[in-house]
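Q: Below are the C-alpha cells for one structure; questions will follow.
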Amino acid sequence: MEKDLLIATEGDMEALGARLGARLFPGSFVALFGDLGAGKSVLVRGLGRYLGQDHISSPTFTIVQEYPTEPPLFHFDAYRLADEDELYAMGYEDYLTRKGLLLMEWAQRVPLALPKNRLEVHIAGSGAEPRQVRLVAFGTEYQALLEEL
Ligand SMILES: Nc1ncnc2c1ncn2[C@@H]1O[C@H](COP(=O)(O)OP(=O)(O)O)[C@@H](O)[C@H]1O
Ligand SMILES: [Mg+2]
C-alpha cells in the first residue's frame, strides 16, 4: 500500500511528522529516504514536537539520539555508517526491542537492517520547492496506519 503527498512547505512537513506521531505505535519503525536537504530531519522534528520534545538535533555524527518521550523516540541517521555491521555493533538490536518509535534517516545505507514490517517515507525535492512524499507500508499494522493517515 502506498500513498503520495505533495508537501509544499517546511511547516507542512513538520505537520506530517506530527500526524505520524499521532498514529505510530510502540515498536514502530520508520525508514526515511531522500537526499541531503530533502526534509527527513524536518519530519522527525515535527514528530518529536508532537511528543513534547522541542529540541531534536541531527544525529549525523552520533548515529543515534534518544529522547525520553512516551513512547521513547530513537532517531537514527545512517549517513556516516559504512554498513549494517556498524549499526549492530552499537546495540541496534536493543533499540529494536525497546518498544519505542525508531526513525532511520538514510535508510538506503543499511537496507539489510530494516525490519520486514515498516513504514517507508521517500522524499523527493530540494531547496524551496515542494516535496513529493511517497509513503509505503509493509505489514498489516502499517497498511492500516497509512489508510487512516
Ligand atoms: N516542503 C519542505 N519540506 C521540508 N523541508 C523543506 C521544505 N521546503 C524547504 N525546506 C527546507 O529544506 C531543508 C530540509 O533539511 P533537513 O530536514 O535537514 O534535510 P535532511 O534531513 O533530509 O537532510 C530545511 O532547510 C527546510 O527549511
Ligand atoms: Mg537529516
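The numbers here are math on the coordinates, done by the rules we state, and not lab data. Note that the structure is a prediction, hence the values are computed from the model and not measured. We place every Cβ from the backbone using ideal geometry, glycine too, and count neighbours over all the protein chains shown.
Q: At a Förster radius of 30 Å, what calculated FRET efficiency corresponds to the Cβ-Cβ distance of residue 15 and residue 80, to the nearest 0.05?
A: Numbers: r = 29 Å, r/R0 = 0.96.
Efficiency computed from Cβ-Cβ geometry: 0.55.
Q: Here is a further query. How big is the Rg/Rh ratio for the stretch 12-61, C-alpha atoms only, Rh by Kirkwood, two decimals? Intermediate results must be reported in sequence, preceding the final value.
A: Values: Rg = 10.7 Å, Rh = 11.2 Å.
A ratio of 0.95.
Q: In the chain, what percentage of the DSSP-assigned beta bridges are antiparallel, given to the nearest 5?
A: Details: 17 of 31 bridges.
Counting DSSP beta bridges with both partners in the chain, the antiparallel share is about 55 percent.
Q: Right, next: Give the relative contact order (percent, whole number) for the chain; include only Cα pairs under 8 Å separated by 6+ residues.
A: Values: 301 pairs, mean separation 50.8, N = 149.
For the chain, the relative contact order is 34 percent.
Q: Once you treat every alpha carbon in the chain as an equal point and sum by Debye, what is log10 I(q)/I(0) at q = 0.09, 0.18 Å⁻¹?
A: Rounded to two decimals, the profile gives -0.24, -1.05.
Q: While we're here: Collect residues whose amide H, placed 1.01 Å from N in the peptide plane, falls under 5 Å from the amide H of residue 101; neighbours closer than 5 in sequence don't count.
A: HN-HN under 5 Å from residue 101: 27, 73, 74.
Q: Test of understanding: ordering 76, 29, 138, 61 by Cβ neighbours within 10 Å, fewest first, what list do you get? Mind dumping the intermediate values first?
A: Details: 76 27, 29 24, 138 17, 61 9.
Taking fewest neighbouring Cβ atoms as first place, the list is 61, 138, 29, 76.
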